[in-house]
Amino acid sequence: MKLRTFSKLLFFAFAIMCIAPSCVKEGPAGPAGADGTNGVDGAAGSLSCLACHAGTNMDSKKSEFYMSEHSLGAVAVESEGGNPSCDRCHSSEGFIEYATLGAAGTINKPSAWECATCHGIHSTFQSTDYALRLGGPVKSNIDATYMFDFKNGSNLCVNCHQARTAEPNIAKPGTTYAVSVRIGPHHGPQGNLVAGVGFAEIPGAVAYPAKGTSKHYSSSCTGCHMATFDKTKSQGGHSLIPSLAKCNSCHGATDTNYDHNGKQTTIAARLVVLRDLLLAKGIITKTTVDGVDTYAPKTATVPMVQAQAAYNYFGLMDDRSEGVHNPPYITALLENTIAALNK
């Protein structure tokens with residue numbers, strides 16, 4: 001009895017399953033609806049990571065940088081990397097703090113410069129992720145009215161490569177000046193010389209060119225120091241060694257060194273003349289160790305023009321370009337300074 005009842009129920013359920021679909025039918029299609037509003041386009045796709053990490057690109061940049069004296073940052077770090085008034089240029093951490101906060105505090109564990117010192121890396125993962133940390137015009141450390149503006153990435157360089165101490169007659173005007181062991185604009189005055197500003201412009205027969213008129217100012221730091229890398233000569237790129245190929249291209253020359261038209265030879269010789277005059281007048285001293293001569297300022301109160309001459313000498317020596325950065329301005333400085341000391 002129970003089996004027969006279950007069979008009937010099973011048959012009834014099967015019948016409903018077969019009949020039910022035929023009771024549901026679709027009507028004719030309605031008219032097409034209006035198009036919806038177009039969505040906002042997403043950000044353009046980019047393989048920003050590959051800008052640095054594609055193939056051997058990152059390794060190449062690092063290899064070039066290993067040739068740069070900036071990669072020897074340990075020397076700068078050891079001297080002033082933990083000094084709060086110096087660490088913005090003497091340590092990677094100090095420069096990053098300065099770039100992001102506008103000032104650098106005491107760095108407890110300073111280290112040498114690296115990729116992330118100059119480049120903001122892995123913050124947005126967009127195509128500008130590796131942009132320079134600083135790129136705008138830079139106010140002069142010694143003249144609040146003057147702004148360096150190379151119109152390109154060279155502005156980052158001049159944050160550190162400029163004078164930190166004004167020339168004596170600006171720092172403390174008068175007829176005499178107390179020379180200290182730190183006389184000079186500091187060790188990175190290249191920006192001032194390229195722009196033609198800030199050194200002791202002693203009046204003389206040779207006219208000083210107008211500020212910012214040097215051809216090297218318009219071609220900029222990066223134009224020469226970071227031109228296309230030449231792996232045969234190990235110049236340009238992130239080595240920061242000036243590209244002789246770029247020099248020759250601009251000058252229409254075939255020079256085998258940086259002594260274009262003998263400018264370096266001439267200026268180097270005039271620097272020796274200025275040095276010997278300073279020695280003869282007792283303004284600087286000479287020390288010889290293992291056959292190597294070094295020169296240092298002598299602490300004393302001297303006539304203002306002598307202090308200015310010492311400032312110019314040590315600043316030009318710290319520049320290390322032997323006049324290349326701005327031949328007209330450097331020539332005027334040397335000739336007028338030498339003439340003033342000879343009076």
Name the pairs: first residue in the stretch 184-197 and farther than 18 Å from PRO297 by Cβ, second residue assigned to a loop (DSSP other than H, G, I, E, B) and among the acidic types (Asp, Glu), Cβ to Cβ under 8 Å, at least 6 apart or on different chains? VAL197/ASP143
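Okay, residues lined up against (1) closer than 30 Å to ALA340 by Cα; (2) touching a residue at least 40 places away in the same chain (Cβ under 8 Å); (3) outside the structural domain of GLU64 (by TED's automatic domain parsing):
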residue: THR213; (1), (2), (3): yes, no, yes
residue: SER220; (1), (2), (3): no, yes, yes
residue: LYS233; (1), (2), (3): no, no, yes
residue: LEU240; (1), (2), (3): no, yes, yes
residue: LYS246; (1), (2), (3): no, no, yes
residue: ASP255; (1), (2), (3): no, no, yes
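Considering only the stretch 71-96, how many residues are at pLDDT 85 or above and among the small types (Gly, Ala, Ser)?
Kept after step one, since they are at pLDDT 85 or above, are these residues of the stretch 71-96: 86-96.
Adding the requirement that they be among the small types (Gly, Ala, Ser) leaves 91-92, 94.
Here the count works out to 3.
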Which count do you get for residues in the stretch 266-314 that are within 18 Å of ILE202 (Cα to Cα) and either within 29 Å of the chain's Cα centre (by Cα) or in a helix (DSSP H, G or I) (or both)? 19
Among the numbered criteria (1) surrounded by fewer than 12 Cβ atoms within 10 Å (Cβ to Cβ); (2) at pLDDT 80 or above, which single criterion is violated by LEU10? (2)
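For the stretch 274-285, how many residues meet the condition of being touching a residue at least 12 places away in the same chain (Cβ under 8 Å) and loosely packed, with under 15 Cβ neighbours inside 10 Å? Write out each step before concluding.
Pass one, the stretch 274-285, residues touching a residue at least 12 places away in the same chain (Cβ under 8 Å): 274-275, 277-279, 281-285.
When the remaining residues are screened for being loosely packed, with under 15 Cβ neighbours inside 10 Å, the result is 279, 282, 285.
Residues that pass the stated criteria total 3.
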Can you pull out the residues in the stretch 287-322 that are in contact with a Phe, Trp or Tyr (Cβ under 9 Å, 6 or more places away or on another chain), over 26 Å from ALA178 (Cα atoms) and either free of Cβ contacts under 8 Å to residues at least 40 places away in the same chain or of a type outside the set (S, T, N, Q) (or both)? GLU322
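Looking only at the stretch 45-70, count how many residues are at pLDDT 80 or above, assigned to a loop (DSSP other than H, G, I, E, B) and more than 11 Å from GLY237 (Cβ to Cβ).
So the first thing to find is which residues in the stretch 45-70 are at pLDDT 80 or above, and the list is 56-70.
Right, trim to assigned to a loop (DSSP other than H, G, I, E, B) and you get 56, 67-68.
Subsequent filtering for residues that are more than 11 Å from GLY237 (Cβ to Cβ) retains 56.
Qualifying residue count for the region: 1.
Which count do you get for residues in the stretch 71-88 that are outside any helix (DSSP H, G or I) and more than 16 Å from the chain's Cα centre (by Cα)? First the steps, then the outcome.
Looking only at the stretch 71-88, we keep the residues that are outside any helix (DSSP H, G or I), and these are 73, 81-86.
From the residues that got through so far, the ones that are more than 16 Å from the chain's Cα centre (by Cα) too are 81-86.
Count: 6.
Within the stretch 326-338, is there a residue that is more than 32 Å from the chain's Cα centre (by Cα), more than 30 Å from LYS215 (Cα to Cα), at pLDDT 95 or above and not in a loop (DSSP other than H, G, I, E, B)?
Residues of the stretch 326-338 more than 32 Å from the chain's Cα centre (by Cα): 338.
Subset that is more than 30 Å from LYS215 (Cα to Cα): none.
Within the stretch 326-338, none of the residues are more than 32 Å from the chain's Cα centre (by Cα), more than 30 Å from LYS215 (Cα to Cα), at pLDDT 95 or above and not in a loop (DSSP other than H, G, I, E, B).
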Checklist (1) β-branched (Val, Ile, Thr); (2) at pLDDT 80 or above; (3) assigned to a helix (DSSP H, G or I) applied to ILE107, failing item: (3)
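Please verify whether LYS263 is without any contact (Cβ under 8 Å) to a residue 12 or more places away in the chain, touching an Asp or Glu at 6+ places or on another chain (Cβ under 9 Å) and either within 25 Å of ALA340 (Cβ to Cβ) or part of a helix (DSSP H, G or I) (or both), treating the condition exactly as stated. Working first, answer last.
Details: without any contact (Cβ under 8 Å) to a residue 12 or more places away in the chain: no; touching an Asp or Glu at 6+ places or on another chain (Cβ under 9 Å): yes; either within 25 Å of ALA340 (Cβ to Cβ) or part of a helix (DSSP H, G or I) (or both): yes.
Criteria not met by LYS263.
Let's see how each residue does on (1) of a type in the set (Ser, Thr, Tyr); (2) farther than 22 Å from TYR66 by Cα; (3) surrounded by 14 or more Cβ atoms within 10 Å (Cβ to Cβ):
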{"site": "PRO110", "(1), (2), (3)": "no, no, yes"}
{"site": "GLU114", "(1), (2), (3)": "no, no, yes"}
{"site": "LEU134", "(1), (2), (3)": "no, yes, yes"}
{"site": "VAL138", "(1), (2), (3)": "no, yes, yes"}
{"site": "ALA144", "(1), (2), (3)": "no, yes, no"}
{"site": "PHE148", "(1), (2), (3)": "no, yes, yes"}
{"site": "HIS161", "(1), (2), (3)": "no, no, yes"}
{"site": "GLU167", "(1), (2), (3)": "no, yes, yes"}
Among the residues of the stretch 195-240, the number that are under 14 Å from the mean Cα position of the chain (by Cα), of a type in the set (A, V, I, L, M, F, W, C) and not in a loop (DSSP other than H, G, I, E, B) is 2
Within the stretch 248-260, count every residue that is touching a His at 6+ places or on another chain (Cβ under 7 Å), over 25 Å from ASN312 (Cβ atoms) and part of a helix (DSSP H, G or I). 1
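The values are calculated or read from the model by the stated rules, or taken from the named source; none is laboratory data. Just so you know, these numbers come straight off a predicted model, no measurement behind them. Please note: Cβ atoms are built from the backbone with ideal geometry, for glycine as well, and neighbour counts cover all protein chains shown.
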